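What follows is a short report on a single structure.
The values are calculated or read from the model by the stated rules, or taken from the named source; none is laboratory data. Treat the numbers as computed from the prediction; the structure is a model and nothing was measured. Here the Cβ positions follow ideal geometry from the backbone for every residue, glycine too, while neighbour counts run over all protein chains shown. Note: accessible area is taken over every heavy atom of the protein model, side chains too, but ligands, DNA and RNA are not part of it. Shrake-Rupley method; radii C 1.70, N 1.55, O 1.52, S 1.80 Å.
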Amino acid sequence: MVALKQWLATLFAVLCLIAGLVTFPTPIPSGIPLVGLGLAVLVTHNRQAPIWLRRLRRRSLNADRLLVRLEAAVPRDWGHILRRTRPRGRDWQ
C-alpha cells in the first residue's frame, strides 16, 4: 500500500511538472505554481528526488538560481520543502 502511494504521488508530481512546463510561457500564471507543487511533492514522496535535485543545483548555477526564485514564488510550505534541497556549503543571500 505504501509503494502504491509513493508511485501515485510520483506520477502526480511528474504530471504537475509537465503541465507546469507546458503552461509556463502562457500569460496565465499557472506554470510556476504547478512546477513548485510538482517538485515539492516529488521531494516529499521520493527518496532519490532530494539527492537528485541537490546534485542538479550544485552542478548548474542557472538551475539553482531558477529554483531560488521558485522558492520565493510558491506558497511558503512548498518553498520550505524546496529550500531543503539547496546545496550545502554555499553562501545564500
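Tabulated values for the structure
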{"item": "Within the stretch 62-81, considering residues that are assigned to a helix (DSSP H, G or I) and touching a Gly at 6+ places or on another chain (Cβ under 8 Å), the one most open to solvent (accessible area, probe 1.4 Å)", "result": "72"}
{"item": "Options 59, 84, 54, 88: the member that is exposed (fewer than 11 other Cβ atoms within 10 Å of the Cβ) and either modelled with pLDDT under 90 or in contact with a Ser or Thr (Cβ under 9 Å, 6 or more places away or on another chain) (or both)", "result": "88"}
{"item": "Meets criteria (in a helix (DSSP H, G or I), touching a helix residue (DSSP H, G or I) at 6+ places or on another chain (Cβ under 6 Å) and open to solvent by less than 90 Å² (accessible area, probe 1.4 Å)) for residue 37", "result": "yes"}
{"item": "Meets criteria (touching a residue at least 40 places away in the same chain (Cβ under 8 Å) and open to solvent by less than 100 Å² (accessible area, probe 1.4 Å)) for residue 18", "result": "no"}
{"item": "The lone exception for residue 47 - which of (1) surrounded by 14 or more Cβ atoms within 10 Å (Cβ to Cβ); (2) of a type outside the set (Phe, Trp, Tyr); (3) under 21 Å from residue 63 (Cβ atoms) it fails", "result": "(1)"}
{"item": "Qualifying residue in the stretch 15-31 (condition: closer than 29 Å to residue 2 by Cα, outside any helix (DSSP H, G or I) and not hydrophobic (A, V, I, L, M, F, W, C))", "result": "no"}
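Condition check ((1) under 12 Å from the mean Cα position of the chain (by Cα); (2) free of Cβ contacts under 8 Å to residues at least 24 places away in the same chain) across all residues:
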position	(1), (2)
37	yes, no
40	yes, no
47	no, yes
52	yes, yes
62	no, yes
